[in-house]
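Reading through the structure tokens given below for one structure.
The values are calculated or read from the model by the stated rules, or taken from the named source; none is laboratory data. All values reported here derive from a predicted model rather than from experimental measurement. The accessibility values were calculated without ligands, DNA or RNA, using every heavy atom of the protein model including side chains. Shrake-Rupley method; radii C 1.70, N 1.55, O 1.52, S 1.80 Å.
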Amino acid sequence: MALKERKKVEEGAPTWMITFSDLMTQLVVFFVLLFSFSVLNQQKFQRFIASYQGMGILDGGVSPIVETEAAPLDYPEVETPEEAAALARAREMMETYQTVKNFLTESGLNSMVEVRYEEQGIALDIKERILFDSGKADLKPEARRLLDKLAELLSRIPNEVRVEGYTDNRPIHTMEFPSNWELSTARAARVVRYFIEEHRLKPERFVAIGYGEYRPLYPNDTPEHMAENRRVVLMIGVGGRNGN
């Protein structure tokens, strides 16, 4: 049986033609590949070439490098100044968020402080009931313990911090606080003063702002929503001016 098959090969094309045809097939595939790259942009083509240099078939290797999303190749990106700045800000925001999140977890503060991304930076949301009594701007004893821990966090990062005070829409008319504007601003300023006076954090890092009732998280239609709207937010700035 083996002799018959050998005769068929010898009677047909020479054996070297098999190798030659394989080579031609590979060349055709190669030129098809080049043609497909002709419709891609130049940057992608350069990335493809770079993936082979020094480690693939263009330098005598036996196989190309297969690029996967799990292990992307390390090549320099061509970016505009605006793109570079946006990328740097995004990286800083993610790193700052992770630093804050890890600190809150390690300190057992997750139930007292909510952290989230905002356009301006990383927001630490503290509910009013933890810091102040209703209608007051004097820090409660438990508020001081919480701010002591947060001061430790702020001492580790150089970012500017904007302390924002918010209230619900119930009106207030007292000698000390004629409106919610004064109440919310006084609460924000009291938190800033505590960080500066008790923990010697640099004053130029801080800004105190009162928004009163005018930027609620929820409609003031239930006691639960009103409680959510009464809050103090520490906004850790990202990508702007930082203090040291």
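Details
- Segment 83-237 - percent of accessible surface contributed by carbon and sulfur, probe 1.4 Å: 52 percent
- Distance violations [Cα-Cα > 23 Å] among Lys127/Lys202; Lys101/Lys127; Lys101/Lys136: Lys127/Lys202; Lys101/Lys136
- Reference-scaled alpha-carbon Rg (2.2 N^0.38 Å with N residues) for segment 87-186: 1.22
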